[in-house]
Each structure stands twice: as C-alpha cells, then as structure tokens.
Amino acid sequence: MKEFIRRIKCMPLTSVLLNLAVLFFIYTVCRLAFYTINAKFFQELTASGLLNICIGGLKFDLTALLYLNSLYIVLALIPFKFRSGAIYRKVVKCIYLVFNTFGILANCYDMVYFQFINRRTTIRFFSEFQNDGNLFTIAVQGIVQYWYVTLIVLALIFLLYKAYKDLPDAAIPEKKLAYYPLHTVILCLSVYLTVCGIRGGFGVTTRPINVNNSTAYIENSPIESAIVLNTAFTMIKSIDSREYVNPGYFTDKKELQKYCNPHHYPQPNGEFKPDNVIIILIESFAREYVGFFYNGLDGGTYKGYTPFLDSLLSKSLTFKHSFATGKQSIDVMPSVLSGIPCLYEPYVTTQYGTNEVSSIAKYLKKKGYQSAFFHGAPNGSIGLDAYAQSAGIDKYYGKNEYNNDADFDGTWAIWDEEFMQYFANELDTFKTPFLGILFTATSHHPFKVPQKYEGKFPKGPEPMYECVGYTDYALRRFFETASKKEWFKNTLFVITADHTTVLTREDFINGRGLYDIPILFYHPSDSTIVEVSDRVFGQTDITPSILGYLNYDEPYFAFGKDIFDKLDTTNYVIDYYNPLFQIFQDSLLLQFDGERTTGVYNYAADLGLKHNIINQTAEQEDMEKRLKAEIQTYVECLKRDSLTIPDKVTEHGGDSEN
C-alpha cells in the first residue's frame, strides 16, 4: 500500500490535479471576495443562494482553468523522460504561474470595475481603451485607492507560487513497456476530459458553455450571474468575435416588420425647421442623482445632487421612465447618434463595427448643417473620434485641440467647467444651423473635483456624488454662457447620460435602475415641449425624435421611435441586461434569455422588481414578439451591412431588394 501511494505521489498527473485544486480554491476566494465587495448589488441573495452560486460557479471555473492551463497540462503529462529534467520543470512551472496570474488579476480587477459597468469584463475592454495613454496613471491610482483589492491580489499570487506542486524528478522506471502505454493513455484521457470540460459537458449535443448558462444558478436578479461567472471565463469567451447567428424567430418578413422596422418614412406636419441642435452626453449620470424625479420620496424631500439640471428639467420635455441602452461609454454614440442599440455587446467592438452607419449628422448635413463632436479626453480616447468620423461628423475637438494642459485633471480629461466653456465659445464660430455634440468627462473614476471646488458640493455616500454636483455646476455655467449667444434662442438642446454608474439606493440595483437615466429636450423659445411624458423613452429614440421635431422629410434608419410623431403609438425600449434582453413597455418589464421569458415585472409600481408576474399579464406575448423582432432585425442588419436607409425604398416598409 505504501509503495502504491508513493507511486501515485510520483506521478505527474498527481501534481496537475493538486495544482488545479489550488486554483479552484483561489477562484472560490475570488468569488466570495467579489460578492463581499459588491454586496449592495446582491441584497436579496440568501446564504443558500450564495452556496448554490458557488457550486454552480465551479463549472465556469473549470472551463476557465482548463483554457488557461491546457498547455501546462499537456506539457506536464507528455510521457517522455525529459519532463523530469530541472530546466523543463522550471519552464512548465513558469507557464503555469504566468497564465494563472492573469486569471487572478482579471478576477480581482473586476471586484472594482463591476461597480461601474455591472457586468463581468470582456476582452472588449482592451478595444475600448486601446488608444488611451492615461490607463497606466488610472491603474496606479486604482492600486492605491482600492488597496484592499491589491492586498488580495498579492496574497493570492503568493499562494499560487507557494502551493505549486512541482513535477516529480524521478527517472522513468525500468519497465518501460508498461510505463509508456500507461502514461500515453493518461495524456490522451486528460486531453479528452480537458476538451469536455472546456465545452461544459460530455454529450455529443452539448453546446459550449457560455455566459447565458450562468442564469441557471441564480435565484433572484440576473445581476447575480456576475457572481456565478469569473472574469477569466468572460474574457476568454469573448475573444472569438464570431459571426452572429440569425435567431430565426420570424420566418414571415411582413410579420417581422410589423413588430420592428428601423426604416422610417416621415410625414412631417409643416416645413423643415433649421434650428441648431446641441446634444450633451453626461458621463455616468444616473436618475438616482436627480432630485427632480423624486421630490416627496419616502414621505420627505429628496434634493438630489443636480440643482441646475432639476431647474432645466422643469422647463423641458422629459420622461417618467427613460433608459440607457448599455452600460459602457462606447455604447452611447451608436445609440444616440445612429439609433443602434447595444445588444449582446457594444456595437463598435463587434466584427460588424466597420459597417457603414447612418447618423443624425449625416441626415442634417443634407439640410446644410455642419457638425462637431467635443470630448475633453486625449484624442483617441475609447475610440470616440473613430466613431465620430464613421458617423459623418465634420470636426472633432479633444484635448489636443483644447491645447491647455493647465486645465487637465491629471488623469482623464479637461475639467468639465473649462471644456464646456470652450464648447460654447467654439460653437459661436460656427455657421448656423449646426449640430454640436458634447461628451463630458469629470464625473468618472477616479472621482475628483478641481481643488478650488473641494467642499463646495455635497459629498453623498460615495465620492461620485461630489463629481455629480461639480458637473451639474459646470452645466449651469455652460448655459449661462450659451444664453448670451445669438444662436441660443434657435437651438434644441438634448441632454442624456451615457449610462449609470455607482448607485446606492437598493431599488435602483436591478434591471430597471441600472439603466434608468434622465433624458430631456429643451428649447428656450418653445414652451410647447414642456412636459413630463408618460411614454417610455430610450437613447435610440433620440435621433428619430430630433428629426421629428425639425420636421425632417426624408427616409432615415434608426431603431427607436419619434416621440413627436402623434401617429406613432409604440411605447417600448429595448436594452441588454447581460445575459438577458429586456423590453420596457408601458409599465411592464420583460426579461428574455434568448430562448424564453424568465421574468415579467410591473417596474413602474414595483421599483425593486420584487414580484415576478410571469404568465400573469395579457401583454406578455406581445412584448416577447417585439423583443424577438428587435433582436432578429438587429442581427440581420449587422450581417447584411444594412444599418443605413437603402437608396431604393418602397413606399412603406423596407428596401426594394428584399
């Protein structure tokens, strides 16, 4: 028996299994640390639910670990004498440590980044920030600011190194005839099991495990799937930007277009109005911050952190329910400027990101508008300049054009106040009519305000709230300056957030609140558009609504509706709450996993989405059809490179080629 145990200990397979066991332990620690640091997002999760998630998460850990360690496993189990050599064993150890250090770093990084995007990070992160020269500075600041995560990283890497079980250095036994066949079988069997583990099962019909499979282990909100997953898994799974597959929900094209048709054929009521258009995209502003919508909340007065935006909302067309289409900054330009939603992943990071796109800039150029995009970060930041160019915007103004580093915040961009003043003054040099687009930057991690304003704005429960107060003040200063310009009185202002970020109210940390943003239309000379509308409104509705307000009279392409079209009674918004699709229609929210409806909620009355009323409403079937139609139409448009209005169109409903 002792000899048998000794032989088992000397087998390379034993070293491999022990090292994998250590990795499972490390990933479980990462999962529990991830949950602990982000517990406010999972307040409904019970101890038994967390246990079920941890057990289910092992399946995703296995896939990630086999991906990362497949080379190590093969090198460790090759049945040849040289694997017992000192140099070879060091090389194998180095490969093991390098690949698994990446896994630890990815998982620990997301303990913090999840708070901003509310999903596990994918490989698209590197595409989004590939042109940002300030990432190193931000990373260093994050290491210091989130020191407790840094300690976790160092402890886990130390454990990885110290617990490593080296390959045995014993020579091959003399009975080679038995040794080679045995270890060849072990290698082949290990390779087979590795492939099965990566796929997520043994069956011939087993589909490769994917992000969507994580919902099988949650008991409440889909956001809990982030605990089930690990970041190494989501990054690896997103490396292959594979071609989208048409889900084929509809085979009848007329029925499909009945529920979703992004080809618009406006029938304007009057002549085109050549008003200037200014679109302001505010970084990370959630509805939670805005007091206008919540006065009287909880029996008291909720002042919020945006006094100027509150005053502007009272003079604007705004909405009781308005939503972002995605959770990242790169989602907002396609959504707002081109009417392209974020489904599955950010449009610009898909393999279809180079498709030709339409945009509000291209449409208004036909009416003599010049257009410009302003963003105070270094040029190239998150690829905004690239999309501006593909969207047909005439000029791009970034940190380079601003050309005064004295107003640089030292990390991210020019301070909002100074850059907004620059925006207003540059617009004064434009020939009217013009389209001006501004993307603010200060209300972004690492959440700081200019030194001269420290202590001026309410700090709130998180550092973000002080930045919100500062950006709101910068917006006030912009309007003070703009109101003195000749073009001001003939300008339509549209203001929206790009997405939400740090939230603290429990009833916002769900599929409703995480996408709930303020959107407004303000015209200083038009009091007829002062209203708090009951209609559901989303970012993809902005381009159609601007064109509708101006009485634009040519066909155009956009997912979304024209809020000013009295004949258009559609009242829904689509977004992607990874890994679920969502449709907000009237007062109901339906969640769909691509194959079946998983939840229906009366989000208007049940803000916390506590009560799932699936199969209890007459509207459920219609909502699911609209959502399926949007998904299928989106995929078809990407695959056909048809995100523009065709040159030849039928009178109503589609291009003549189809």
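The values are calculated or read from the model by the stated rules, or taken from the named source; none is laboratory data. Since the model is a prediction, treat every value here as computed from it, not as a measurement. Virtual Cβ from ideal backbone geometry, glycine too; neighbours counted across all protein chains shown. Surface areas here come from the heavy atoms of the whole protein model, side chains and all, with no ligands, DNA or RNA. Shrake-Rupley method; radii C 1.70, N 1.55, O 1.52, S 1.80 Å.
At-a-glance table
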| item | result |
| --- | --- |
| Solvent exposure of segment 1-121 as accessible area per residue, Å², 1.4 Å probe | 44 Å² |
| GLU454/ALA139 FRET efficiency (R0 25 Å; Cβ-Cβ; nearest 0.05) | 0.55 |
| Sites ILE613 and THR14 - FRET efficiency at Förster radius 45 Å, r taken between beta-carbons, to 0.05 | 0.25 |
| Computed label-point distance, nm, for sites VAL532 and ALA155 using a 7 Å Cα→Cβ extension | 4.7 nm |
| Inter-part distance where segment 52-109 and segment 518-560 are each reduced to a Cα centre, Å | 53 Å |
| Computed lengthening from LEU51 to THR28, 0.36 nm per intervening residue step minus Cα-Cα distance | 7.2 nm |
| Segments 490-498, 421-429 sorted - mean Cβ within 10 Å per residue, highest first | 490-498, 421-429 |
| Nearby aspartates and glutamates by direct alpha-carbon distance to LYS566 (threshold 17 angstrom, same-chain neighbours under 8 apart not counted) | GLU271, GLU531, ASP534, ASP541, ASP553, ASP586 |
| Packing rank of 356-367, 462-473, where each peptide gets the mean count of other beta carbons within 10 Å, highest leading | 462-473, 356-367 |
| Entries in LYS366/LYS489; LYS327/LYS625; LYS303/LYS362; LYS303/LYS431; LYS366/LYS485; LYS459/LYS610 that, when Cα-Cα distance is taken, lie over 32 Å | LYS303/LYS362; LYS303/LYS431 |
| Estimated FRET transfer efficiency when R0 is 51 angstrom, pair ALA21-TYR265 (beta carbons, to 0.05) | 0.20 |
| Heavy-atom accessible surface of the chain: percent carbon and sulfur, 1.4 Å | 56 percent |
| Highest to lowest packing among 523-533, 570-580, scored as the average C-beta count within 10 Å | 570-580, 523-533 |
| Tail weight of P(r) past 47 Å, computed on alpha-carbon pairs of the chain, percent | 22 percent |
| Whole-number accessible area per residue in Å² for segment 462-619, which is evaluated in the context of all protein chains at 1.4 Å | 32 Å² |
